[in-house]
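First the structure, in the form of structure tokens, and then the observations on it.
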Amino acid sequence: MTENIERRLIDNAELRLDEQEGKTPTVAGYAALFNTDSKVLFQRGKGTFIERIEPNAFSWQDVRALVNHDSNQILARARGAESDTMQLTQDARGLHYSFELDMSNPNAQALHSALKRKDIDQSSFAFIVPKGGDTWGSDDEGRQVRTIHQATCLDCSPVVYPAYQETTVDLRSYDAWVEGQKEAENTEADSTALKAEDAAALQVRIQHDQTKQEQIEAEAKFYGFQEGNQ
């Protein structure tokens, strides 16, 4: 089974354009936030859930900065080389990215104008979660929660339209969690049934002992009465 490429919108992290006289304009923002509940996501056939990313969950080898996740509109790149034109770092808040706008690039020119006018103010990122890289559970409110422990970042994109809150995730870990929940419920039900059976058996035994005691007392009275008449 191939790993799914997933995309998420970050609309509560500042995406900013930094312009200083005599310097190249710089775009900076957070591609992902750690220990922060996502908006409610929807998985077709599975229902809703929220998502949390653990600190330092990301690794990367070759990450692009794209407009709207469009590989034809590349803005910068980070691949661990001296020629990198994008900087990626993980801090206490999340996965931060920044890059200079190459104003000879028409895509950069258009983004510069859109950021300056506030037509674009959100980021989205694409990533892959490897097998074993996430776990599922539920919180105190009864919501399904997916926690991402490991993920590979593929691209960071300033976006015009938010990504749909419907998503496709690799559900192997989810299905395993659901099966575990069912097993736990079945075990609890079996335990409850056994306790009920034990209680019923105990009640029968108590009734049996009471009946036997009553018979003994009746016999004692009977024989005592017979001896008194002799």
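The values are calculated or read from the model by the stated rules, or taken from the named source; none is laboratory data. Keep in mind that what you see is a predicted model, and the values were worked out from it rather than measured. When we count neighbours, we look across all protein chains shown, and the Cβ atoms used for this are built from the backbone with ideal geometry, even at glycine.
Observations
- Residue tally, condition surrounded by fewer than 20 Cβ atoms within 10 Å (Cβ to Cβ) and in contact with a helix residue (DSSP H, G or I) (Cβ under 9 Å, 6 or more places away or on another chain), over the range 19-66: 5
- Residue within the range 93-112 that is under 20 Å from the mean Cα position of the chain (by Cα), surrounded by fewer than 17 Cβ atoms within 10 Å (Cβ to Cβ) and not aliphatic (A, V, I, L, M) present: yes
- Residue under evaluation His69, criteria (1) at positive phi; (2) surrounded by fewer than 17 Cβ atoms within 10 Å (Cβ to Cβ), criterion not met: (2)
- For the range 91-119, residues that are closer than 26 Å to Asn35 by Cβ and in contact (Cβ under 8 Å) with a residue 12 or more places away in the chain total 8.
- For Asn35: the one exception among (1) modelled with pLDDT of 90 or more; (2) on the phi < 0 side of the Ramachandran plot: (2)
- Test result for Gly132, within 19 Å of the chain's Cα centre (by Cα), under 25 Å from Tyr161 (Cα atoms) and assigned by TED's automatic domain parsing to the domain that holds Asp18: no
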